[in-house]
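Presented below is the structure to which this report refers.
The values are calculated or read from the model by the stated rules, or taken from the named source; none is laboratory data. All figures in this text were calculated on a predicted structure; none of them were measured in a lab. Backbone-built Cβ (ideal geometry, glycine too); neighbour counts: all protein chains shown. These area figures cover heavy atoms from the full protein model, side chains too; ligands, DNA and RNA do not enter into them. Shrake-Rupley method; radii C 1.70, N 1.55, O 1.52, S 1.80 Å.
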Amino acid sequence: MIEDNTSVSEMMGMFFQKEKWQAEFAYDGNEAVDKFKTDPEGWDMITLDLNLPGKDGMQVAKEIRAISKTVPIIMLTARDSESDQVLGLDLGADDYVTKPFSPITLIARIKAIHRRADINASVNEAAQNAPTIDQGEFDVMTDHFKLSSNTREAFLNGKEVPGLTPKEFDLLKTLAKKPRQVFSREQLLELVWDYEYYGDERTVDAHIKKLRQKIEKVGPQIIQTVWGVGYKFDDSEAGLE
């Protein structure tokens with residue numbers, strides 16, 4: 001846990017102990033990066049505050065991601081702007097929690113992301129040993145879109161959607177498997193993040209924004225907003241000029 005507020009660290013330390021988790025704490029950005037460098041493979045999860053002395057959380061995330069592409073990161077931030085949230089996700093955070101937060105909520109997010117990390121590791125290992133996929137091995141296939149869980153790839157009009165993070169891929173897969181079905185933000189939190197709705201719908205919105213930016217690099221937008229309800233996948237007009 002990278003957190004300069006000792007009261008928060010001490011409080012969460014008690015909750016980690018209750019879960020029987022081993023935890024270490026860093027109180028500024030420089031200390032955090034130095035600790036991570038000593039054993040990059042030794043950490044199952046990082047919680048990272050944005051407002052840190054030494055180096056801020058954005059720089060810490062960037063340096064950690066330069067060393068490890070896979071260690072899960074949850075950002076803790078008092079900042080409430082969408083731009084900060086999207087930038088954090090763009091730098092490689094898997095999720096974020098806005099302060100003040102409930103310790104139970106953070107514990108639930110940690111458990112959910114850790115489960116997802118284990119699943120993704122198993123999928124990636126299987127994919128590395130799998131033969132080249134054929135048309136029959138795509139989970140989703142339409143006239144304009146196809147997606148494979150084996151290779152964690154998605155294609156729109158024959159072009160791969162670039163740079164999908166594990167969470168973005170899972171979000172796109174959840175929507176695409178049921179075209180034109182509208183999913184509320186609460187449903188997507190439960191299906192994709194694997195935790196119950198705690199009132200932070202902005203997690204979904206920030207990921208949708210990043211996902212849309214990547215889709216638009218290769219073709220028309222296929223993630224539609226249903227105002228007042230949620231989001232849906234619809235590629236029915238993806239082939240139109």
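Remarks
- Which listed pairs, of K178/K217; K111/K209; K55/K173; K35/K167; K35/K214, have C-alpha distances above 31 Å, in listed order: K55/K173; K35/K214
- A straight chain from V218 to E137 at 0.36 nm per residue would run longer than the Cα-Cα distance by 26.9 nm.
- Peptides 29-41, 140-152 ranked from most to least packed by the mean count of surrounding Cβ atoms within 10 Å: 140-152, 29-41.
- Label-to-label distance for Q22 and E186 is 4.1 nm, based on points extended 7 Å past Cα in the beta-carbon direction.
- E153 contributes about 50 Å² of solvent-accessible surface, heavy atoms of the protein only, 1.4 Å probe.
- Cα pair count fraction exceeding 20 Å, expressed as % - the stretch 6-119: 38
- N5 sits among other residues whose Cβ lies under 12 Å from its own Cβ, and their net charge, with Lys and Arg +1 and Asp and Glu -1, is -4.
- In this simple spin-label model, placing a label point 7 Å from the Cα along the Cα-to-Cβ direction at both V226 and I67 gives a separation of 4.5 nm.
- Note on exposure: W193, W43, W227 ranked by accessible area (1.4 Å probe, complete protein assembly) read W227, W43, W193, with the most exposed listed first.
- FRET efficiency for E153 and K35, using Cβ-Cβ distance with R0 set to 41 Å, rounded to 0.05: 0.75
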